[in-house]
Amino acid sequence: MRTDTVRPAVTELRLSAFKCHRRVTLPLGPVTMLSGGSGSGKSSALQAYEILARLGSGESLARAVREVTGDPSACVPAGARPDGQGRRGFRLGCTVDGPAGPVDLDLAVQAEPELRIVGERLTGGGETLLSTALTDPTRRAVQAAWHTAGATPVTRAPLPDDRLGTSLLPLRVAGRTEGQRLVLAAAEQVVVALRSAFVCDPRPEMMRWPEERAGAGEERVGARENGGSRRSGGSRRSGGSGSDRGAAEARVAGARKGSGSGGHGGGRDGSPEPDEGRLRSSCENLPAVLERTSRECTRRHAVLVAAVREACAGPVDGLRAVPRQAGAGEGAAAASVAGGSAGPAGVRTGQGAGEAGLRAVVDRGELGEMPVDQLGDGELRFLALALVLLTGPGVLAMDPAGEIPSARQQMTVMADGLDRCMDRRQARELMSLAVRMAERGHVRVLGTVRDPSAAEGLPGVQVLHLRA
């Protein structure tokens, strides 16, 4: 067992048969950008990673696939023909490096006629640590075998076919033999790395009008666009289709310490919404989080202000959150906050103080204060993504492995369209900030970009060019 790498991280993503990808292997560094033309599979690669992250967090297969792609059949490669029983599916996997050395996780998923995991393999240290196979299609279970060594070299037992077996191993393996301890170390390493993911898609339209989001209800908050490939990152629907068998095991194995998982809002499996001091994926509650971070970490807040100053047009002397004025228009609100703080009667009621009750403003020096609502789309997205890079799991609506010390974890920020709405200068500044934070060892970034030239000459940024 190695001890030099203390923070588990996904270092390779395998898309053996997923959407437009076949036999594709993507090496992932601390800061990795995927580029390519339309249809090259940039977003699909991030979706595959997100499905793995959700499964590692204990979500059911049905929920993980539905929340990411909407339809399991959409994950099946085009042209894949069904077998004699009408079955079609997809395959994906990853390598996680860490204290236990490189550990490989590979999954075979049946999408039709029923969604289920039909095969899982966990390998590390030259051993097959876990393997599962669907031996009886009439049962909602797979036959699992895991490495134990000792008097009994392999232990066999059924596991649910809608959960990641690796995430259930801590409940099944005692850890008495060296072989069992190897299995536990490898499983923990994979689960920690997968759970420590935050999917971030700042939505300028929602950041400008949070009151619309607040009154729209869960369905509108979680509304999808482009056929279900992107979410707003707000509330999640509880429940979910498919079998709930193994849900209790998954919750224990996941050791949920808060709401949300893998960077996807709260409400999973009926859990409560994250509090307003935790940034959601779409960043519509940015004012509340900005108010919190400005109080809790003045040093990082100063770094955020400096980064925004480089990316925004016009002077930027500061960023802060102030109470919204009830009934005030955009300009009136800006003028009132510039002249002094509002009293209790000036705070909008009937909504959370972290949403419509606060407004973020930019200090323009002699020009006064301007609501961030008035920033351009690229400037808003830059501000939100920079805030994500400069904070951590405690400030984001995600649920990393709370039972593992933070010093042993790395958060992976996933941003589809990282440079969306940004000019080259803004995108380059954001990537430079990502490199600086990744060098500290606590943050990794996986994103897609339309213009890879923004990364040219930036040491520490790996650009992978995909082809349609």
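Let's see how each residue does on (1) basic (Lys, Arg); (2) out of contact with any helix residue (DSSP H, G or I) (no Cβ under 9 Å at 6 or more places or on another chain); (3) at pLDDT below 95; (4) under 24 Å from Ala45 (Cα atoms):
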residue: Gln85; (1), (2), (3), (4): no, yes, yes, no
residue: Gly89; (1), (2), (3), (4): no, no, no, yes
residue: Gly119; (1), (2), (3), (4): no, yes, no, yes
residue: Thr123; (1), (2), (3), (4): no, no, no, yes
residue: Arg139; (1), (2), (3), (4): yes, yes, yes, no
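Filtering region 149-182 to residues that are touching a helix residue (DSSP H, G or I) at 6+ places or on another chain (Cβ under 6 Å) and crowded, with 20+ Cβ neighbours inside 10 Å leaves Leu159, Asp162, Arg163, Leu164, Thr166, Ser167, Leu168, Leu169, Val173. Where strands (runs of 3 or more DSSP E) fall entirely within region 47-144, those with at least 2 residues that are out of contact with any Cys (no Cβ under 7 Å at 6 or more places or on another chain) and basic (Lys, Arg) are at 88-97, 116-124. If the condition is being under 18 Å from Ala111 (Cβ atoms) and in a strand (DSSP E or B), then region 1-46 contributes Arg14, Leu15, Ser16, Ala17, Phe18, His21, Arg22. Please give the number of the condition Leu61 fails out of (1) in contact (Cβ under 8 Å) with a residue 60 or more places away in the chain; (2) crowded, with 21+ Cβ neighbours inside 10 Å; (3) within 17 Å of Ala415 (Cβ to Cβ). Here Leu61 clears every test but (3). I need the full set of residues from region 307-320 which are within 18 Å of Glu369 (Cβ to Cβ), assigned to a helix (DSSP H, G or I) and aliphatic (A, V, I, L, M), in order please. Hit for region 307-320 is Val308, nothing else.
For region 52-85, residues that are touching a Phe, Trp or Tyr at 6+ places or on another chain (Cβ under 9 Å) and closer than 30 Å to Pro170 by Cα total 2. Pairs please, first residue from region 155-182 and free of Cβ contacts under 8 Å to residues at least 60 places away in the same chain, second anywhere and aromatic (Phe, Trp, Tyr), Cβ atoms under 6 Å, 6+ apart in sequence or on different chains. Pairs that qualify, where the first residue is free of Cβ contacts under 8 Å to residues at least 60 places away in the same chain and the partner is aromatic (Phe, Trp, Tyr), are Thr155/Trp146.
For Leu168, the criteria (1) within 30 Å of the chain's Cα centre (by Cα); (2) over 22 Å from Leu115 (Cβ atoms) hold in every case but one, which is (2).
The values are calculated or read from the model by the stated rules, or taken from the named source; none is laboratory data. These figures come from a predicted structure and were not determined experimentally. All Cβ positions, glycine included, derive from the backbone under ideal geometry; neighbour counts span all protein chains shown.
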